[in-house]
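Beneath this line is the structure, given in structure tokens, with notes to follow.
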Ligand code: COA
Ligand code: ZN
């Protein structure tokens, strides 16, 4: 304990295993203008599994009128070849979504509620209070179907409509989840407003209020500090991170939303820092290139362009600066 009573986190030691949840097929595909064919989505998810990713957020069981890009949720899940040890998740906003998800091979239903009223109204057409009221039946449906539930919070580190979001607003939702028996808490940085200082402040507030909950950090790289925030998370003892292949991603109902932190860039950083990810980086870069081809535009991922650190180039590849 520190002098002020705050619990100090132990930094994650070198060599520790870090759990990466790939969210590109959900957070990424949901914001793409062109609808990606179902078989292409399935192919990308299966390639991600082959590259060693053990946790994948495959889709959302939301209203197909709100997010037409993910209307094929059940079909995509039906095509995924789940290997031993692989866990699949999907977002679920209400009982109707839970009933749809319960019929599939999904393992985790991800609830989500915004910590800001303005974003909540935009994202799920309901206040925070009304959104939370939808969740107890979802938990019942999930339990009956033998599925786990994760509690997600959006706009944790700031809201594009309201600005600063107080940590107490996040704590209130986390407590609600905890009281429903949910132990997994996902902290969504919906429009990349997290900074090292705000990450520390939110984690400190949650450690006081709900120390029993296991936190996953979900950063977007909108302002270029996504991986710096991961380093802060590691120093605060957090071992679970969401990221997106090629750096896809963004919320269609949040102004200025852009890509998640990029999975292959995250794997590169973690592996070069001595952490274990279980992912084959070369294969993952191949999946990022495949995803880029399917999406049809350049993706923001950087390691897919530069290659791993010791990528060697031929001397003839560049001219010599002879005067
Ligand atoms: N799956 C499929 N259809 C659904 C559904 C679900 N989970 N939830 C609601 N619907 C259908 C209803 O059956 C109803 O259809 P009908 O008009 O044919 O009877 C219609 O959608 C409206 O239902 P209602 O309960 O009034 O929902 P709403 O229009 O207020 O929308 C949400 C609420 C939550 C369903 C919608 O805002 C949504 O899907 N938001 C998700 C946004 C998102 O994914 N954001 C990115 C992640 S952060
Ligand atoms: Zn996101």
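The values are calculated or read from the model by the stated rules, or taken from the named source; none is laboratory data. Because the structure is a prediction, the values reported are computed rather than measured. Cβ placement follows ideal geometry from the backbone for every residue including glycine, while neighbour counts extend to all protein chains displayed.
Checking the conditions here, which among 93, 84 is assigned to a loop (DSSP other than H, G, I, E, B) and more than 16 Å from ligand 1 (Cβ to nearest atom)?
84
Return the residue satisfying two criteria in turn: it lies in region 165-188 and is in contact with a strand residue (DSSP E or B) (Cβ under 9 Å, 6 or more places away or on another chain) and part of a helix (DSSP H, G or I), and of such residues it is surrounded by the fewest Cβ atoms within 10 Å (Cβ to Cβ).
This residue is 178.
Filter region 240-271 down to residues that are surrounded by fewer than 17 Cβ atoms within 10 Å (Cβ to Cβ) and under 22 Å from residue 10 (Cβ atoms), then give me how many there are.
Count: 1.
Look at region 252-265 and say how many of its residues are in contact with a strand residue (DSSP E or B) (Cβ under 8 Å, 6 or more places away or on another chain) and within 14 Å of residue 52 (Cα to Cα).
1
So, in region 152-171, of the ones that are away from ligand 1 (no atom under 13 Å from the Cβ) and touching a residue at least 40 places away in the same chain (Cβ under 8 Å), which residue ends up farthest from residue 211 (Cα to Cα)?
Among them, the one singled out is 161.
For region 97-164, please list each of the helices (runs of 4 or more DSSP H) lying entirely inside it that holds at least 1 residues being out of contact with any helix residue (DSSP H, G or I) (no Cβ under 8 Å at 6 or more places or on another chain) and modelled with pLDDT under 95. Walk me through how you get there before you give the answer.
Values: elements: 117-124, 128-133, 135-144.
Correct list: empty, since no element meets the threshold.
Among the residues of region 143-156, what is the count of those that are over 14 Å from residue 185 (Cβ atoms) and surrounded by 23 or more Cβ atoms within 10 Å (Cβ to Cβ)?
As a first pass, look at region 143-156 and keep what is over 14 Å from residue 185 (Cβ atoms): 143-147, 155.
Now drop any that are not surrounded by 23 or more Cβ atoms within 10 Å (Cβ to Cβ), which leaves 155.
Residues that pass the stated criteria total 1.
Look at residue 121 and say whether it is free of Cβ contacts under 8 Å to residues at least 24 places away in the same chain, within 14 Å of ligand 1 (Cβ to nearest atom) and over 19 Å from the mean Cα position of the chain (by Cα). Walk me through it before giving the result.
Values: free of Cβ contacts under 8 Å to residues at least 24 places away in the same chain: yes; within 14 Å of ligand 1 (Cβ to nearest atom): yes; over 19 Å from the mean Cα position of the chain (by Cα): yes.
Yes.
Run residue 211 past the list (1) in contact (Cβ under 8 Å) with a residue 60 or more places away in the chain; (2) under 30 Å from residue 37 (Cα atoms); (3) away from ligand 1 (no atom under 16 Å from the Cβ); (4) not in a helix (DSSP H, G or I) and report the number of the one that doesn't hold.
(2)
Touching a residue at least 24 places away in the same chain (Cβ under 8 Å), assigned to a helix (DSSP H, G or I) and farther than 24 Å from residue 173 by Cα: is that true of residue 278 in this structure? If you could, list the steps in order and put the result at the bottom.
Values: touching a residue at least 24 places away in the same chain (Cβ under 8 Å): yes; assigned to a helix (DSSP H, G or I): no; farther than 24 Å from residue 173 by Cα: yes.
So residue 278 does not fit the description; no.
Mind listing whichever residues of region 10-47 are more than 22 Å from the chain's Cα centre (by Cα) and either at pLDDT below 95 or within 16 Å of ligand 1 (Cβ to nearest atom) (or both)?
10, 13, 14, 15
Please find, within region 182-191, the residue that is nearest to residue 166 (Cα to Cα) out of those that are within 12 Å of the chain's Cα centre (by Cα) and more than 9 Å from ligand 2 (Cβ to nearest atom).
Across region 182-191, the extreme among qualifying residues is 187.
I'm told residue 218 meets every condition in (1) more than 16 Å from ligand 2 (Cβ to nearest atom); (2) touching a strand residue (DSSP E or B) at 6+ places or on another chain (Cβ under 6 Å); (3) within 21 Å of residue 174 (Cα to Cα) except one. Can you identify the failing condition by its number?
Here residue 218 meets the rest and fails (1).
Can residue 77 be described as closer than 26 Å to residue 40 by Cβ and away from ligand 1 (no atom under 13 Å from the Cβ)?
Spelling it out, residue 77 is indeed closer than 26 Å to residue 40 by Cβ and away from ligand 1 (no atom under 13 Å from the Cβ).
Scanning region 50-73 for residues that are surrounded by fewer than 19 Cβ atoms within 10 Å (Cβ to Cβ) and either at pLDDT below 95 or part of a helix (DSSP H, G or I) (or both), which turns out nearest to ligand 2 (Cβ to nearest atom)?
The qualifying residue nearest to ligand 2 (Cβ to nearest atom) is 68.
Going by the structure shown, is residue 231 surrounded by fewer than 22 Cβ atoms within 10 Å (Cβ to Cβ), touching a helix residue (DSSP H, G or I) at 6+ places or on another chain (Cβ under 7 Å) and farther than 20 Å from residue 284 by Cα?
no
Between 181, 188, which is within 15 Å of ligand 1 (Cβ to nearest atom) and modelled with pLDDT of 95 or more?
The match here is 188.
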